[in-house]
Every structure is written in C-alpha cells, then in structure tokens.
1. Return the tail of the calculated pair distribution for the stretch 209-249, meaning the percent of Cα-Cα pairs more than 12 Å apart.
2. Each residue of the stretch 215-225 in order: what ³J(HN,Hα) in whole Hz does its phi give by Karplus 6.51 cos²θ - 1.76 cosθ + 1.60, θ = phi - 60°, with x for Gly and Pro?
3. Near the amide H of Leu229, under 5 Å away, which other amide H atoms are found, from residues 5 or more places off or on another chain, if H is placed in the peptide plane?
4. Taking the simple approach of a point 7 Å from Cα along Cα-to-Cβ for both Gln78 and Asp147, what is their distance in nm?
5. For the stretch 191-278, which whole percent of the accessible surface, found with a 1.4 angstrom probe, sits on carbon and sulfur atoms?
6. What's the Cα-based Rg to Rh of the stretch 217-278, Rh via Kirkwood?
7. Using a 1.4 Å probe on the protein heavy atoms only, what accessible surface does Asp249 show? Give it in Å² to the nearest 10.
8. So how exposed is Thr96, as accessible area in Å² (1.4 Å probe, rounded to 10)?
Amino acid sequence: MPRLRASEMRMMQTFRTRAMQAAASLALSLAALYAPAAEARPTYGWSSEKRASTPLSTRIAPPAGFTRTLADKGSFAQWLRGLPMKAEGAPVLTHTGKPKWRQDVHSDVIDIDVGERDLQQCADAIMRLRAEWLYSARRDKEIAFNDTKGKRLIFVNRAKKTDYPGLRRYLNYVFAYAGTYSLERELKPVPIEDMEIGDVFIRGGFPGHAVLVADMAENRDTGEKRFLLLQSYMPAQDIHVLKNPAAEDGSPWYSATIGETLVTPEWTFPRGQLRRWP
C-alpha cells in the first residue's frame, strides 16, 4: 500500500478535525432544541395573574405638564411601575387585618400581602420588593441582604428551578435580622440631583425609617422632576403610596427640589439620606 504524502496526511487530519467540530456543533444544537425551556416565573409572584388589577402607572397619572422618565425593559423601575394596585380608596391594613390608625397618609395601596407576623415593616417592604423583582427576572444569585452585624444573608434556591415558598421563608428570616440600620450601610449615597426610580431615602436606627422612590416624571420644558414614594411602617402594614403633605390637593407627587429636608407624612429625611443599590 503506497504511503501517504505529508500534505495528504495534513489534509486528512484537517478533515477529521472539521468533521468532529461539525458533529459537536450539531449535538449542541440538538441538545438546545430538545432541552426543556426555562420555567417561566410570574412577574409578581405573590399575586394571581388571572385576577385583573390596575398597575401603578395606570392608576397614578403624571402631574399636568409632566411625562414619565424612561425606564429600560426588565428594569426595577419598569417593574415598580407595573405593581398591582388595590381598589381605589382601599384602606391600609396591618398584619392583623385591622386598619392602620392613620388613614390620611396614603393615596393608594399596593396589592401585595403583608404576612401574618409583625415583620414586613419599612426597610423590610423595600427589601421584599427588590427581592421579588430579582426573583421574577431569574436573578436568584443576586438576592442577598446584610443583617445588623454585617453578615451576608444569601438566598439559596434549593429547588434549582422555582421555589417561591422558599423565597418567602428566606425573606421572613431577613426581616427578623435586618432593618434600616443594616440596609442604610449596605446602600450607596447618591446626590438628590441624580435620583432614579428604585432609590431609597433611609435613616438607619432603632427605630429608623425608609421609603422607596417608585416612579419619576419630568417637565421637559422646565427640567423639573417629581417622584412617588412607597412605604410600609410600624406595625407591619400594607405597602402604600404616600401623599405629599405639602400638596394641597392631596397629590402623591413630590418635587425633586426638596431643599434641606424631605418631609413625608410620618417622617422627615435630610436630603443627604438618599441611597442606591450597589
């Protein structure tokens, strides 16, 4: 049998290599084609998406002359704007099911459960919303918060796919060991002028308080910006949209030109207490 020339040997080796690469590529394509699709998660895991509800962005229109600021698809800002709302005029209820003693501080109520224990207070409600968004986006590895001693409490999805009950158990644990004191130290300071949806006004302490910037709008002629705030409080209660006590018409929109303090119905924050998620 005649020997193959070196050039012929190289050609055969190249052919084998390319054939193996093509086979591997085909195998990967077939695996992707027949692999089960990632399990879809509801946008708002606590709610029944079969029940019609009005989103925040529909319920609360921007002030006259203002338009909502842009929000990227899939962002925390877009998710907050879509939060389902309870019926107009709904009261704020505590974790016991009884009305909060003050019903004059809110314009609207978010349709999200409080839980049966006195856990989901101000900072807890903000961490809940952040975790719910990350979970809906399948970003489980980013769900983590510090406790009051600085220890990182990480959500571990042991089910590997969808484990919403596990998320809720994890959050109750976080609520018990974290709060305004830890969350303030976890977040990063941001100037008022750079405010974005999802930022947090927070005063860490025992007690402290925290409110979440849930939406923003801008007057394109003047450049003025306004924003909405969400809060829970003590005892644990429905998350609600705060009225602006400076607005005579009961509007929930706050001006981003706040001077030295932001005055809300139940707390006053110095302007330097705005924070952002790292």
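1. 68
2. Working through the residues one at a time gives 6, 9, 9, 9, 8, 6, 7, 9, x, 5, 10 Hz.
3. Residues meeting the amide H criterion: Ala214, Leu242.
4. Label-label distance for Gln78 and Asp147, simple model: 3.6 nm.
5. Roughly 48 percent, rounded to a whole number.
6. On the Cα set of the stretch 217-278, Rg over Rh gives 0.99.
7. 130
8. Taking all protein chains as shown, Thr96 has close to 90 Å².
The values are calculated or read from the model by the stated rules, or taken from the named source; none is laboratory data. Quick caveat, the model's predicted, so the values are computed rather than measured. Heads up, the Cβs are rebuilt from the backbone with ideal geometry, glycines too, and the neighbour counts pull from every protein chain shown. Heads up: the accessible areas ignore ligands, DNA and RNA and are worked out on the full protein's heavy atoms, side chains in. Shrake-Rupley method; radii C 1.70, N 1.55, O 1.52, S 1.80 Å.
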